[in-house]
């Protein structure tokens, strides 16, 4: 039997149609159980879809429960359990209905719908195609020009973080830059006049904590694991092409 055409997905889209968070560190969510339900229901309905994976950093609080993302549409469902996962497949994927009761909406944030962050230190991207160094850069650019400039940790620190991340993304990063990132983030967390410097540097702190290996690869190996940094993407493509030839 030929696979059905999911009403919710664009057939030729490179991004996954649906993704789910993966447990990391001290995460307490039932991600594996929900993933299994999604995969079983997709197979039963012959939708021909693969469940992709998000990039998630979580300190164990799991503030949104199990997350399910829709990269092609740019939004998340939160608090997904096994029962809801069946409705996600039959209602959203097969019929195109959005389950508004579980649509993640944060009226206090105006950032990208494909990235979640909260001040507990939780961060998630809607799929694993994101470069986390660029995600850190995105958050800093989002706050650019907002600082009052009254204190040095905020005024100078924000600028220095942006300059360091720019160098790393361009393939010009050095090991000292990673040490400097840590020091500047610590100053912005510990010594500002107000909370704005903590808020601005918070996403960078979380990303460095959970995705340090991506920074190391950018600096030490001159490789962007996601293959999206302009100065580094060519190396990743050549590496993948060589691996495909060998296989």
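A few points about this structure:
- Residues being touching a helix residue (DSSP H, G or I) at 6+ places or on another chain (Cβ under 9 Å) and either free of Cβ contacts under 8 Å to residues at least 40 places away in the same chain or not assigned by TED's automatic domain parsing to the domain that holds residue 208 (or both) - total across region 164-181: 6
- Residue 16 satisfies every condition listed in (1) assigned to a loop (DSSP other than H, G, I, E, B); (2) touching a strand residue (DSSP E or B) at 6+ places or on another chain (Cβ under 8 Å); (3) farther than 14 Å from residue 114 by Cβ except (3).
- Among residues of region 35-56 that are in contact (Cβ under 8 Å) with a residue 60 or more places away in the chain, none has a beta-carbon under 9 Å from a residue that is surrounded by fewer than 14 Cβ atoms within 10 Å (Cβ to Cβ) and in a strand (DSSP E or B) at least six positions away or on a different chain.
- When residues of region 37-50 are limited to those that are modelled with pLDDT under 95 and within 23 Å of the chain's Cα centre (by Cα), the one nearest to residue 10 (Cα to Cα): 49
- Count - residues of region 192-202 that are over 20 Å from residue 116 (Cα atoms) and surrounded by 14 or more Cβ atoms within 10 Å (Cβ to Cβ): 1
- Residue 38 falls short on exactly one of the conditions (1) assigned to a strand (DSSP E or B); (2) crowded, with 20+ Cβ neighbours inside 10 Å, and that condition is (1).
- Of the helices (runs of 4 or more DSSP H) lying entirely inside region 191-247, those containing at least 1 residues that are more than 27 Å from residue 59 (Cα to Cα) and modelled with pLDDT under 85 span 233-246.
- Of all residues in region 51-67 being in a strand (DSSP E or B) and touching a helix residue (DSSP H, G or I) at 6+ places or on another chain (Cβ under 6 Å), the one that is modelled with the lowest pLDDT: 57
- Restricted to region 113-143, and to residues there that are farther than 17 Å from residue 213 by Cβ and out of contact with any strand residue (DSSP E or B) (no Cβ under 9 Å at 6 or more places or on another chain), the residue that is surrounded by the most Cβ atoms within 10 Å (Cβ to Cβ) is 137.
- Verdict on residue 205 being within 24 Å of residue 115 (Cα to Cα), out of contact with any strand residue (DSSP E or B) (no Cβ under 7 Å at 6 or more places or on another chain) and surrounded by 21 or more Cβ atoms within 10 Å (Cβ to Cβ): no
- Filtered residue count, region 156-172, keeping only those that are farther than 16 Å from residue 184 by Cα and buried (at least 17 other Cβ atoms within 10 Å of the Cβ): 2
- Test for residue 146: is it at pLDDT below 95 and either at negative phi or in the same structural domain as residue 51 (by TED's automatic domain parsing) (or both): yes
The values are calculated or read from the model by the stated rules, or taken from the named source; none is laboratory data. Given the structure is predicted, the values throughout are model-derived calculations rather than measurements. Neighbour counts run over all protein chains shown; Cβ positions are idealised from the backbone, glycine included.
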